[in-house]
Number of protein chains: 2
Amino acid sequence: MTQSPKLNLNEAMAVLERTPASLSALLLDLPEPWIRATEGEGTWSPYDVIGHLIHGERTDWIPRVQHIVAGETRPFEKFDRFAQFTDSGGQSLADLLLTFAELRKKNLATLAEMNLTSDDFDRKGMHPELGEVTLGQLLATWVVHDLDHVVQVARTMAKVYTETTGPWIDYLSVLRDRER
Amino acid sequence: MTQSPKLNLNEAMAVLERTPASLSALLLDLPEPWIRATEGEGTWSPYDVIGHLIHGERTDWIPRVQHIVAGETRPFEKFDRFAQFTDSGGQSLADLLLTFAELRKKNLATLAEMNLTSDDFDRKGMHPELGEVTLGQLLATWVVHDLDHVVQVARTMAKVYTETTGPWIDYLSVLRDRER
């Protein structure tokens with residue numbers, strides 16, 4: 001495994017603590033066409049994404065941090081990328097955004113209480129598919145995963161108006177990202 | 001020119017009014033490495049993007065709406081895509097975010113006072129490069145332009161940790177978007 005640049009925990013947590021408020025400011029009380037839009041069959045709406053982020057808070061990030069810190073050598077539990085399609089059932093987007101914000105706050109408090117140092121970021125865990133990974137890589141991935149889904153939400157919303165922009169489509173590169 | 005789907009003004013304004021708060025929640029008081037990051041030479045940092053959005057509020061969207069509504073037949077003024085590199089000089093990101101929020105609020109109030117109806121969206125303007133465009137297309141483009149830059153900000157931040165994620169890079173598609 002090649003050495004990857006070290007994480008700065010304060011900088012990482014600064015992003016992680018802002019994601020719920022940013023997504024709430026973008027999405028709360030928006031008209032349904034924005035919330036339920038997708039990029040086509042098999043792609044996720046903003047509503048689906050928030051459910052996915054909630055499932056990550058419950059089963060992925062902190063459980064895997066604790067797994068590594070406990071010195072477990074067996075692989076992490078696999079993550080269910082489709083849990084939100086059953087878990088979110090019947091809940092409003094406002095409910096989901098609130099749940100995400102509460103879980104994230106609790107998880108960041110748990111992370112802070114661990115008093116991790118830079119040395120801890122080299123501690124090893126076993127990913128079920130990727131093999132050996134480090135705690136620092138896991139925490140960096142948590143941050144990038146948040147931002148990846150912020151990108152996805154804004155890109156999916158933009159595409160609702162692809163045709164409505166008329167000739168301006170040539171200037172709006174987001175409408176051509178991940179063309180199907 | 002082909003006919004493009006009609007704009008819903010309330011739905012468009014619902015997005016436009018949320019962008020400043022969403023970007024503020026994401027960016028305000030973040031450590032500098034996130035704010036000043038770019039995707040490489042000639043690409044923009046989150047700081048640069050906010051300056052660009054401010055310049056759009058001042059010189060692009062509402063002036064062009066007014067140009068069309070006034071029945072002007074000469075082309076729109078060209079938009080300066082690099083104005084932020086001189087205009088933002090010396091200002092903090094907090095100042096820029098506040099300026100963007102204030103200008104957007106004022107511009108949406110101006111738009112609301114125009115009492116535009118669905119028929120108005122077919123009114124024609126002349127773009128200096130694209131040729132004939134409609135008011136509806138202009139307003140849809142304002143919305144998509146916002147979302148395009150939200151995507152750009154989050155994507156640029158994600159790439160700060162490209163190497164730090166180690167083997168997870170294979171799962172984080174945002175790190176491969178717009179590869180250089």
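Throughout, read-outs are computed from the coordinates displayed, never taken from laboratory work. Here the structure is a predicted model, which means the values were calculated and not measured. All Cβ positions, even for glycine, are placed from backbone atoms using ideal geometry, and neighbour counts span all protein chains on display.
Taking chain A as a Gaussian network, where each spring joins two C-alpha atoms under 10 Å apart, which residue of A:SER45, A:SER88, A:SER22 fluctuates the most?
A:SER22
Residue farthest toward the positive end of the dipole of region B:95-180, with Cβ of Lys/Arg at +1 and Asp/Glu at -1: which of B:LEU96, B:THR134, B:MET114?
Comparing the listed Cα positions along the dipole, B:LEU96 ranks first.
With a cut-off of 17 Å, note down the residues of region B:142-180 whose backbone N falls inside the zone around a label point 7 Å from the Cα of B:LEU30 toward its beta carbon.
Correct set: B:146-165, B:174-177.
With the contact rule set at Cα under 8 Å and sequence spacing of 6 or more, what percent relative contact order holds for chain A?
About 32 percent, as a whole number.
Expressed in nm to one decimal, what extension gain is obtained for the pair B:VAL69 and B:ALA83 from 0.36 nm per residue of sequence separation less their Cα-Cα distance?
Working it through step by step, the gained length comes to 2.4 nm.
Which distances, shortest first and in nm, link B:PRO33 to the matching position in the other copies, using label points set 7 Å out along Cα to C-beta?
Here B:PRO33 shows inter-copy label distances of 4.2 nm.
Any idea what diffusion coefficient region A:75-120 gets from Stokes-Einstein, in µm²/s, Kirkwood Rh on alpha carbon pairs, 37 °C, 0.692 mPa s?
D, rounded to a whole number, is 248 µm²/s.
How large is the charge dipole for region A:34-141, taken about the Cα centre, if only the Cβ atoms of Lys, Arg (+1) and Asp, Glu (-1) carry charge, to the nearest 20 debye?
140 debye
Hey, for B:ASN115 with labels 7 Å out along Cα-Cβ, what do the inter-copy distances come to in nm, ordered shortest first?
Spelled out, the distances from B:ASN115's label point are 6.7 nm.
Could you work out the Kirkwood radius for chain B, taking every pair of different alpha carbons, averaging 1/r and inverting it, reported in Å?
Computed over chain B, the radius equals 17.8 Å.
In nm, what does the list of distances from B:PRO128 to its counterparts in the other copies look like, shortest first, when each label sits 7 Å along Cα to Cβ?
Copy-to-copy label distances for B:PRO128: 5.6 nm.
For chain B, which DSSP H helices look membrane-span-like by this rule: Cα extent along the axis of 27 Å or more and mean Kyte-Doolittle of at least -0.5?
Both cut-offs are met by B:93-113, B:135-159.
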